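Here the structure is laid out as structure tokens; the discussion comes afterwards.
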Amino acid sequence: MAEREHDVALRVPGMASNVLHLAGRELRDAVRSRWFVLYTLAFVVLGLGVSYMSAAAAGGTGLSGFSRTTAGLINLVILVVPLMALSAGAGSIASDRERGMLAYLLSQPTTRMELLLGKFVGLGAVLLSSVCAGFGVCAAILAWKGSSSGPATLVWLVALTFLLSLGMLATGLAISVCARRSAAAQGIAIFAWLTLVFVSDLGIMAGAVAMRMRIETLFALCTANPMQSFKMWALLNADTTLDVLGPAGLYASDTLGDRAAWLFAGVLVAWVVVPLGIAARLFSWRAVA
Amino acid sequence: MIDIDGLRMRFGRFTAVDGLTLHVERGESLALWGANGAGKSTVIRCVLGLHRYQGSVRIAGHDALRDGKRARRMIGHVPQEVGFHDDARAGEALRLFARLRATDLPDVEGALAQVGLRGQSRKRMRELSGGMKQRLALAIALLGDPPVLVLDEVTASMDACGREELVGLLARLSDAGRTLLFASHRQEEVRALATRVVVLEDGRAVRSGTVADVAGVIMPRVRERVAFAQGGNHG
């Protein structure tokens with residue numbers, strides 16, 4: 001009877017409330033750790049550089065219009081944003097585990113799923129603000145320089161970049177759940193980034209030549225890589241044809257037409273959902289300390 | 001208040017806890033005593049629902065795994081060491097954990113004052129000593145007035161003075177009727193806090209009783225010295 005009375009008196013926090021509070025903690029820790037500020041600064045500086053260079057290469061005298069700048073920024077996004085998101089995800093659970101904070105948080109009335117979602121939401125918000133800051137500064141300077149064409153393309157690019165970053169964040173979290181040490185998690189994250197950015201590109205090119213790969217296979221391999229899917233979708237939105245991407249792009253234009261965007265969207269969403277699901281599954285039974 | 005039945009926990013081939021059964025009554029203060037690797041911390045982690053185990057652990061009737069949130073809401077936990085972010089402030093940590101425990105915290109300073117940390121809410125973690133951090137962890141454990149306190153070697157990384165203060169605080173909480181389950185291998189801590197001691201060896205409870213009942217196990221050196229001194233006098 002006494003136990004029952006105590007039970008009634010003690011409120012148990014809801015899932016949404018715990019996820020939001022844990023997300024808030026991630027936001028504060030990210031700002032404190034300064035990685036977020038440094039990555040954002042690097043993104044802004046490189047973005048401005050790319051904007052200026054893309055205009056110069058096109059024969060202009062200064063900063064270019066939105067659409068042309070967008071095309072230049074796509075390659076920058078593929079390099080910087082996935083690295084930022086993968087490291088943020090990979091460092092989160094592994095470093096909490098290393099400091100004993102993971103076990104401490106889970107000894108509170110919270111669940112593993114709430115903790116994982118809290119980290120995903122918090123770090124997702126950090127990445128969104130970083131991406132908005134990076135593109136926002138570029139857009140503001142372009143507008144100040146008198147460019148007025150196609151800002152909608154840039155807004156689309158921000159949305160696609162955010163979706164790509166969520167996929168890489170989820171992958172980083174899955175890595176973080178598996179790794180015992182933060183340094184190991186960061187190492188695996190950098191290896192994953194290198195594989196997706198460079199090795200898959202060069203590997204597909206080499207494979208296409210050496211194995212006389214069929215165009216369907218080449219296109220499937222390209223599309224499975226979230227960065228290539230991002231690039232193709234972003235180019236479609238920038239009113240550029242996929243022909244510029246070579247045989248795989250030509251194949252996509254010829255066979256899929258307007259439906260290509262749906263395929264790329266599906267791939268990017270799958271890269272968010274599948275790694276997050278794997279992370280949740282592994283985190284539900286893996287030892288926390 | 002805490003019911004453990006047939007608890008078994010394995011890490012690969014190593015059996016950390018081997019069929020442990022014990023019951024902690026309301027208001028009781030139970031010490032888990034044993035050498036390093038005896039299974040004390042593993043039992044504590046199972047009580048907190050941090051491990052997947054075989055057997056049953058219930059806190060005030062709530063299963064630690066299936067109804068973990070409710071079970072843990074009944075528990076205030078103080079670990080051996082807490083890895084707060086170095087730049088986080090004491091008051092901010094207290095507020096975060098109050099929200100996670102669904103507890104109103106109108107008076108941060110008051111909550112800190114009850115563990116001897118009055119005026120420290122703006123201090124960053126890197127400015128707090130090990131003992132102060134442990135007292136902050138105790139303040140967090142007391143948020144929402146949980147009926148059970150679970151402590152895992154809480155004084156292991158503290159100096160003698162800090163240890164004495166923290167044990168004094170815990171003794172007052174125990175006297176006030178709170179249920180305590182704690183792991184320790186410090187005799188003075190067990191003597192000051194425990195109403196019952198369970199001696200663990202290789203994950204099994206080998207003895208159980210009051211401090212006086214198990215004195216031969218937890219204070220062998222003292223007994224050896226007394227025996228040696230008595231032998232010397234007789235000789």
As straight-line cross-link partners of B:LYS40, the qualifying lysines (C-alpha separation under 28 Å, not fewer than 8 residues apart within one chain) are B:LYS69, B:LYS133
Cα-only Debye scattering, the protein assembly as shown: base-10 log of I(q)/I(0) at q = 0.05, 0.11, 0.13 Å⁻¹: -0.28, -0.96, -1.18
So what is the relative contact order for chain A, in percent, with contacts set as C-alpha pairs under 8 Å and at least six apart? 25
Normalised alpha carbon radius of gyration of the stretch A:88-185 [divisor 2.2 N^0.38 Å]: 1.40
Per-residue mean of other chain beta-carbon atoms within 10 angstrom of the beta-carbon, peptide B:78-85? 5
Place a point 7 Å from the Cα of B:LEU65 in the direction of its beta carbon; the residues of the stretch B:15-55 whose amide N falls under 17 Å from it are B:15-22, B:42-55
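Using a 10 Å cut-off around each Cβ of peptide A:105-116, what is the average number of partner chain Cβ atoms that fall inside?
Going residue by residue through A:105-116 and averaging, the value is 6.
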Mind grabbing the interface size between A and B? I mean buried accessible area, both sides, 1.4 Å probe, in Å² to the nearest hundred. 3400
Ranking request for peptides B:58-69, A:169-180: highest mean number of other beta-carbon atoms within 10 Å first, then the rest in descending order. A:169-180, B:58-69
If packing is taken as the average count of other Cβ atoms within 10 Å, what order do A:211-218, B:22-29 fall into, highest mean first? B:22-29, A:211-218
List the equivalent ellipsoid semi-axes of the stretch B:1-155 in whole Å, largest first, each obtained as the square root of 5λ for an eigenvalue λ of the Cα gyration tensor. 30, 17, 13
Folded to 0 to 90 degrees: helix B:130-141 orientation relative to chain B principal axis, Cα: 70
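For the stretch A:131-227, which whole-number percentage of the solvent-accessible area (1.4 Å probe, protein heavy atoms only) is attributable to carbon and sulfur atoms?
75
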Pull up the DSSP beta bridges for the protein assembly as shown and report the antiparallel fraction as a percent, rounded to 5. 55
If a helix is a whole DSSP H run, which ones in chain A reach 20 Å or further along their own axis (Cα) and hold a mean Kyte-Doolittle hydropathy of at least -1.0? A:15-33, A:35-57, A:66-99, A:112-144, A:151-178, A:260-285
I want the antiparallel fraction of DSSP beta bridges within chain B, as a percent rounded to 5. 55
Would you list, by chain and number, the aspartates and glutamates whose Cα falls below 17 Å from the Cα of B:LYS123, excluding same-chain residues fewer than 8 positions away? A:ASP29, B:ASP86, B:ASP87, B:GLU92, B:ASP107, B:GLU109
At each listed q (0.06, 0.09, 0.12, 0.16 Å⁻¹), what is the log10 of I(q)/I(0) that the Debye formula gives for chain A modelled as equal alpha-carbon point scatterers? -0.23, -0.50, -0.82, -1.25
PRE zone check, label point 7 Å out along Cα-to-Cβ of B:HIS23, amide N under 11 Å, scope the stretch B:72-114, hits none
With Cα springs under 10 Å, the Gaussian network model of chain A assigns the largest mean-square fluctuation among A:SER165, A:SER17, A:SER130 to A:SER17
For B:204-213, A:41-50, ranked highest to lowest by mean beta-carbon neighbours within 10 Å, the order is A:41-50, B:204-213
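The values are calculated or read from the model by the stated rules, or taken from the named source; none is laboratory data. Small disclaimer: the values here were computed from a predicted structure and weren't measured. All Cβ positions, even for glycine, are placed from backbone atoms using ideal geometry, and neighbour counts span all protein chains on display. Surface accessibility is based on the protein's heavy atoms, side chains included, excluding ligands, DNA and RNA. Shrake-Rupley method; radii C 1.70, N 1.55, O 1.52, S 1.80 Å.
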